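Following: one structure in structure tokens, then a few remarks.
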Amino acid sequence: MKSEEPLSFPWIGEGRAASQAAPVPARRFPLIHVLLLATTILTTTVAGVFWEGLDPSADPRLLFRGLPFAVTLITILFVHEAGHYLMCRSHGVNASLPYFLPAPPQIFPLGTFGAFIRIRSRFPNRRALFDIGAAGPWAGFVVALVATIIGLSRSTVLPAPPDGQVLELGDSLLTAFLTRLVLDANPSNVVLHPIAFAGWFGLFVTSINLLPAGQLDGGHVLYAAIGRRPRVLPALLVAFLIWLGWHGWVGWLAWAGIIIALLCLGHPPTANDPLPLGPGRQLATIATFVVFVLTFVGEPFHITP
């Protein structure tokens, strides 16, 4: 798709012939991005060891046990952000390389708060907004789906649910189906392989990103689909999350507050809002929200008594 905005050629100086173009400045090495990525690999690796019930401080060689979880999770996050970044490049939108956010695994058990890219210019139209907003979740979803299937094939099926206090991960429609398909077992009897564990989190993060509000990926997709018209869906979503938080996982109450804040900030218009989305992208919008429904988990975490 071509942008409606005029092309600019910043490498050609004003009042200067093309033959006398100024040299393109050399790109600086993305040191901060590399350091954040390296730190996140370390923190997610330690988190993977913790999830195995081990202490890497006792024996640093145990760090290798955390690599399957860390590599899988980092790959899902990287592919998600790469989907956004490459689509930004395709539409001429100025965006940064991904910033990974490491987290102390003793405080945040995943070892990372995720990743993001900075978008420095305006979206040219709603078609570009849709492509950029949907590309990340779709790319991450595919990798998380493959990881979950591979991980489930390596997971352990117990004859009965384990005794004592156990952290159970809730099932979305998709993960419940995959567990039955790959293992033909009750999800409560399955001890997930670290790859499946990371895949589950990847699918969960996909559903969070697709919440249709504000400048979340789902909010971009919703704005691309209907523009600035009055939207009842985000208000219903807030009410639904409050209900879920009151009756189940309290984390949804925090997300309801976040979405209210995002709704107050609103969504900035594109440079050419009147340009219609087109039938192909309208169908893709429906498919994107089907992915949201399939990956959404009402009670993602539960500790058995």
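The values are calculated or read from the model by the stated rules, or taken from the named source; none is laboratory data. For clarity, every value in this text was computed on a predicted model and none was experimentally measured. Counting neighbours? That spans all protein chains shown, and the Cβs are built from the backbone with ideal geometry, glycine included.
Of all residues in region 156-200, how many are over 18 Å from residue 76 (Cβ atoms) and in contact with a strand residue (DSSP E or B) (Cβ under 9 Å, 6 or more places away or on another chain)?
20
Which is part of a helix (DSSP H, G or I), free of Cβ contacts under 8 Å to residues at least 40 places away in the same chain and out of contact with any Cys (no Cβ under 9 Å at 6 or more places or on another chain), of 77, 42, 63, 54?
On the way: 77 fails: free of Cβ contacts under 8 Å to residues at least 40 places away in the same chain; 42 fails: free of Cβ contacts under 8 Å to residues at least 40 places away in the same chain; 54 fails: part of a helix (DSSP H, G or I).
Being part of a helix (DSSP H, G or I), free of Cβ contacts under 8 Å to residues at least 40 places away in the same chain and out of contact with any Cys (no Cβ under 9 Å at 6 or more places or on another chain) holds for just one of 77, 42, 63, 54, which is 63.
Output the number of residues of region 216-261 satisfying the condition of being among the β-branched types (Val, Ile, Thr) and either assigned to a loop (DSSP other than H, G, I, E, B) or touching a strand residue (DSSP E or B) at 6+ places or on another chain (Cβ under 8 Å) (or both). Spell out the reasoning first.
Taking region 216-261 first, the residues among the β-branched types (Val, Ile, Thr) are 221, 226, 232, 238, 242, 250, 258-260.
If we keep only those that are either assigned to a loop (DSSP other than H, G, I, E, B) or touching a strand residue (DSSP E or B) at 6+ places or on another chain (Cβ under 8 Å) (or both) as well, we get 232, 250.
Final tally of qualifying residues: 2.
Hey, among the residues in region 72-88 that are more than 12 Å from residue 37 (Cβ to Cβ) and among the aliphatic types (A, V, I, L, M), which one's surrounded by the fewest Cβ atoms within 10 Å (Cβ to Cβ)?
Residue satisfying both the conditions and the ranking: 86.
Report yes if some residue within region 255-272 is over 19 Å from residue 229 (Cα atoms), touching a residue at least 40 places away in the same chain (Cβ under 8 Å) and touching a Phe, Trp or Tyr at 6+ places or on another chain (Cβ under 9 Å); otherwise report no.
Within region 255-272, none of the residues are over 19 Å from residue 229 (Cα atoms), touching a residue at least 40 places away in the same chain (Cβ under 8 Å) and touching a Phe, Trp or Tyr at 6+ places or on another chain (Cβ under 9 Å).
Against the condition without any contact (Cβ under 8 Å) to a residue 60 or more places away in the chain, more than 22 Å from the chain's Cα centre (by Cα), surrounded by 15 or more Cβ atoms within 10 Å (Cβ to Cβ) and part of a loop (DSSP other than H, G, I, E, B), how does residue 213 come out, does it pass?
Details: without any contact (Cβ under 8 Å) to a residue 60 or more places away in the chain: yes; more than 22 Å from the chain's Cα centre (by Cα): no; surrounded by 15 or more Cβ atoms within 10 Å (Cβ to Cβ): yes; part of a loop (DSSP other than H, G, I, E, B): yes.
Answer is no for this residue.
Under 20 Å from residue 116 (Cβ atoms) and in a helix (DSSP H, G or I) - does that describe any residue in region 274-290?
Going residue by residue through region 274-290, those that are under 20 Å from residue 116 (Cβ atoms) are 288.
From the residues that got through so far, the ones that are in a helix (DSSP H, G or I) too are 288.
So far as region 274-290 goes, yes, one or more of its residues are under 20 Å from residue 116 (Cβ atoms) and in a helix (DSSP H, G or I).
For residues that are surrounded by fewer than 16 Cβ atoms within 10 Å (Cβ to Cβ) and in contact with a Gly (Cβ under 6 Å, 6 or more places away or on another chain), scanning just region 252-297, find the one that is modelled with the lowest pLDDT.
For region 252-297, the residue satisfying everything is 273.
Is it the case that residue 119 is touching a residue at least 12 places away in the same chain (Cβ under 8 Å), touching a Cys at 6+ places or on another chain (Cβ under 7 Å), closer than 22 Å to residue 287 by Cα and of a type in the set (A, V, I, L, M)? Show your work before the answer.
Values: touching a residue at least 12 places away in the same chain (Cβ under 8 Å): yes; touching a Cys at 6+ places or on another chain (Cβ under 7 Å): yes; closer than 22 Å to residue 287 by Cα: no; of a type in the set (A, V, I, L, M): yes.
Considered against the rule, which asks whether it is touching a residue at least 12 places away in the same chain (Cβ under 8 Å), touching a Cys at 6+ places or on another chain (Cβ under 7 Å), closer than 22 Å to residue 287 by Cα and of a type in the set (A, V, I, L, M), residue 119 comes out as no.
Looking at 176, 185 in this structure, which one is without any contact (Cβ under 8 Å) to a residue 60 or more places away in the chain and part of a helix (DSSP H, G or I)?
176
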